[in-house]
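Let me begin by presenting the structure, written as structure tokens, before commenting on it.
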Amino acid sequence: MSAVSELTKGVYRENPVFRLALGLCPALAVSTSVENALGMGAAATFVLIGSNAVVSLIRKAIPAKVRIPCYIVVIATFVTVVELVMGAYLPELSKSLGIFIPLIVVNCIILGRAEAFASKNGIFRSILDAIGMGIGFTFALVLISALREVLGDGKLMGYMVFGPNFKPVLMMILAPGAFITMGLLMGMFNVIDERRQRKG
Amino acid sequence: MGNFFRLVATLTIIAALASFGLSAVYNSTHEITEEYKRQEEASARLAALACDPDATFEHTVTECHLDGRAFEYDTAMLDGEVVGYSFKAYGKGYSSTIETIVGVDLTGTICGIKITYQQETPGLGAKVMEVASQNTLWDVVGGNAVDEAGVKPWFQVQFEGRTAEELVVVKNPTEDGILAITGATISSDAVTGSIRRGLELLTSIVDGTGEVPCEAAPEDMDPAGDSPDGSAGGEAAGGDAGPTDAVPGVEGEGR
């Protein structure tokens, strides 16, 4: 596989949320506003790049029996770095993301890429894979949150879209709205994919 | 045996390296985080005490308990004279305990409040922090946005100039009172009720009237603070505790 397609596969073809159905929990929980989605996407991308790079570097030194605990320690380290740095430099974002930053540790995209990709590939490809997956995850979050914020709160990036008299569909900002939006988007991507395959 | 040793050694080395790295990051960010917290507390208190921005504060921890915590307040001093008080109120909302700093003058009128902590539902309870922006997305994109840096959250502004008796949550904008942020009023009640109970207790303590009985720490005190012992203050002051006694879960907020 070429280096470019290693990078781009995560964005659409193997999009972690819509295609691989990984990391659904944060995708449901923090997609109430585009601002949160961007923050969460950036944080997860940073952790992905860091953990993929380190796991790929040390992959030959790690005995197979303890590889999962080792990966988790590496991932948890990067997550803690994000938590500390965000608390110091982006305190508002850190407040609004709250518990979901520490929970990046158990985001299955990150452990999934470490186990499925970084432990089998060189550092260059692993970083490309991480960047692609990170962009794909961020793209999915932003798409879901944009729909939910516009419909459920009448806003985008915190600014009114329809003016002050718009009555938002409150359900969209609550948990059911997250499931509905994600389900419809997944279905949409499946339909597009089927059409493509039929043509090809 | 050699294999076993290798497993332990690998994991130990990785964990050790991780802790070294993390302590380095912690050392370089810790000061900034602490400084931010201090500044936030200070600016919240200043915002709450808008009537006397130059006042200095003296901290008092009382024997009384309110909403499951020891009641503490600050006396605002200006040129050796007492000019007002500030206290922190804790109200149990839907998904968090909402913390508010309240500034009061000598007549018991609120100068200002500032919510310092909340984790309510985004789009619903979290609207206690909402700034009613008049800018639309198109204004911002088109560069016509008005600078709104000084605009305060509309829900919190409503408390200014009110006394304890006037702290009633209303749902209709035409009625006089604190206009609720949503149709159901869990978060609005939490903030309003906690402020009113705090204000009544504070008045009773500093005026020495003893109208509101000072509750000692209950024996079986619930550290989570969700025991309803805080409502005692409201009942003693005339039994008009009606809207503040909302029990989360009974009065739905549409979820």
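The values are calculated or read from the model by the stated rules, or taken from the named source; none is laboratory data. These figures come from a predicted structure and were not determined experimentally. Neighbour counts are summed over all protein chains in view; Cβ atoms, including those assigned to glycine, are modelled from backbone coordinates with ideal geometry. Side chains are part of the model used for accessible areas, which takes the heavy atoms of the whole protein and leaves out ligands, DNA and RNA. Shrake-Rupley method; radii C 1.70, N 1.55, O 1.52, S 1.80 Å.
The figures follow:
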| item | result |
| --- | --- |
| Failed item in (1) acidic (D, E); (2) at pLDDT below 80; (3) more than 25 Å from A:N165 (Cβ to Cβ); (4) within 17 Å of the chain's Cα centre (by Cα), with B:D189 passing the rest | (2) |
| Single residue of the range A:97-116 satisfying the filter (of a type in the set (A, V, I, L, M, F, W, C) and open to solvent by less than 20 Å² (accessible area, probe 1.4 Å)) that is nearest to A:A3 (Cα to Cα) | A:A114 |
| Positions within the range B:92-118 being free of Cβ contacts under 8 Å to residues at least 40 places away in the same chain and either over 17 Å from B:E41 (Cα atoms) or of a type in the set (A, V, I, L, M, F, W, C) (or both), in sequence order | B:S95, B:S96, B:L106 |
| Test result for A:M157, on the phi > 0 side of the Ramachandran plot, in contact (Cβ under 8 Å) with a residue 40 or more places away in the chain, open to solvent by 20 Å² or more (accessible area, probe 1.4 Å) and within 20 Å of the chain's Cα centre (by Cα) | yes |
| Where A:L97 falls short, out of the listed (1) free of Cβ contacts under 8 Å to residues at least 60 places away in the same chain; (2) within 14 Å of another protein chain (Cβ to nearest Cβ) | (1) |
| Enumeration of residues in the range B:97-113 that are touching a helix residue (DSSP H, G or I) at 6+ places or on another chain (Cβ under 8 Å) and not β-branched (V, I, T) | B:G103, B:G108, B:C111, B:G112 |
| From A:G98, A:G163, residue being out of contact with any Leu (no Cβ under 6 Å at 6 or more places or on another chain), outside any helix (DSSP H, G or I) and on the phi > 0 side of the Ramachandran plot | A:G163 |
| Among residues of the range B:5-47, those that are more than 14 Å from A:A88 (Cβ to Cβ), at pLDDT 85 or above and open to solvent by 60 Å² or more (accessible area, probe 1.4 Å), counted | 8 |
| Of the criteria (1) within 10 Å of chain B (Cβ to nearest Cβ); (2) farther than 19 Å from B:T29 by Cβ, which one A:I49 fails | (1) |
| Selection from the range B:156-181 of residues that are touching a Lys or Arg at 6+ places or on another chain (Cβ under 7 Å) and not aliphatic (A, V, I, L, M) | B:Q156 |
| Residues within the range B:154-182 that are part of a strand (DSSP E or B) and open to solvent by less than 20 Å² (accessible area, probe 1.4 Å), tallied | 2 |
| A:L147 being farther than 19 Å from B:G125 by Cα and either open to solvent by 80 Å² or more (accessible area, probe 1.4 Å) or in contact with a strand residue (DSSP E or B) (Cβ under 6 Å, 6 or more places away or on another chain) (or both) | no |
| Whichever residue in the range A:160-174 is more than 7 Å from every other protein chain (Cβ to nearest Cβ) and of a type outside the set (F, W, Y) and, among such residues, is least open to solvent (accessible area, probe 1.4 Å) | A:M172 |
